[in-house]
1. On the basis of being closer than 10 Å to residue 75 by Cα and charged (D, E, K, R), does residue 13 make the cut?
2. Looking only at the stretch 168-178, which residues are crowded, with 19+ Cβ neighbours inside 10 Å and under 11 Å from the mean Cα position of the chain (by Cα)?
3. Need at least 3 residues that are under 15 Å from the mean Cα position of the chain (by Cα) per element, so show me which strands (runs of 3 or more DSSP E) inside the stretch 68-167 make the cut, counting only ones lying wholly within it.
4. With at pLDDT below 90 and not hydrophobic (A, V, I, L, M, F, W, C) as the only criterion, which of 23, 27 stands out?
5. Checking the conditions here, which among 3, 14, 37, 93 is without any contact (Cβ under 8 Å) to a residue 60 or more places away in the chain and touching an Asp or Glu at 6+ places or on another chain (Cβ under 9 Å)?
6. Just wondering, is there one or more residues in the stretch 63-76 that are surrounded by 14 or more Cβ atoms within 10 Å (Cβ to Cβ), under 30 Å from residue 135 (Cα atoms) and not basic (Lys, Arg)?
7. Which one is farthest from residue 78 (Cα to Cα) among residues in the stretch 20-34 that are assigned to a loop (DSSP other than H, G, I, E, B) and in contact with a strand residue (DSSP E or B) (Cβ under 8 Å, 6 or more places away or on another chain)?
8. Suppose we filter 218, 143 for residues that are at pLDDT 95 or above and either among the hydroxyl-bearing types (Ser, Thr, Tyr) or outside the structural domain of residue 53 (by TED's automatic domain parsing) (or both); which single one remains?
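The values are calculated or read from the model by the stated rules, or taken from the named source; none is laboratory data. Remember, it's a predicted structure, so these values are computed and weren't measured experimentally. Here Cβ is always computed from backbone atoms with ideal geometry, including for glycine, and neighbour counts include all displayed protein chains.
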Amino acid sequence: MKADLLTRLLQARAEKRPVALVTDMTTGMQTLVFEDAVHGAFGLDEEFLPMVRERLAQDRSGMIEAYDGEVRLFVNAFAPPLRLIVVGAVHIAQALVPVARLTGYAVTVVDPRGAFATESRFPDVALVTEWPDDALNGLAIDARTAVVTLTHDPKLDDPALTVALRSPAFYVGSLGSRRTHAKRLDRLRAAGLNDDELARIHAPVGMDIGAVTQAEIAVSVMAQIIAARRRKE
């Protein structure tokens, strides 16, 4: 690998910016493909960029072949961990956090209530005790971030949802019954969110698997997040 490519690759990783290193297996030449740019030593044909970026989006390294093997490109995807921001340090959050971490998500729990957001309840988890909208604005939500609100308290959930729905987050979910969600939509609409933004909310949160216990609800939420991430929902 040439020095300038290595420098850019290391810089992207330090900045937690997704990047794919593409190697032409015929010539050995390499290029870097970002979500919004290309940098490298050989002119990667435009027709292959969507395939490379799809692999990058799905965190999947591997070979792209075309024209009966005349074109062979190996894509090495480098991406920062997926993130889950949980608003509400409640009992369901205690079940959801370990499930999310098992599936590879870096988890942050947001709750201004100090009695809930404690190290003893969430060991080795990033805790933010700012008000939810301030916290989410400070967490720099990107397209690799999922947000779930669990407090059942409009004073906490609504500000968080307002920020999340106007962010690039790939998933936004909120706990509550259909009746609760209908009232939530009325409040958020009155606060200025439009129908397209409101349609992004997964509510009642989680896949319909008949979940009853906190652990089952956690599994249903994580399943829905994974489905949204893999574009199968």
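1. Against the criterion (closer than 10 Å to residue 75 by Cα and charged (D, E, K, R)), residue 13 does not qualify.
2. Across the stretch 168-178, the qualifying residues are 169, 170, 171, 172.
3. Once the strands (runs of 3 or more DSSP E) in the stretch 68-167 are filtered for at least 3 residues that are under 15 Å from the mean Cα position of the chain (by Cα), what remains is 82-87, 105-110, 145-149.
4. Exactly one residue qualifies, and that residue is 27.
5. Within the list 3, 14, 37, 93, the selection yields 93.
6. No: zero hits.
7. Checked the stretch 20-34; the qualifying residue farthest from residue 78 (Cα to Cα) is 26.
8. Matching residue, one of 218, 143: 218.
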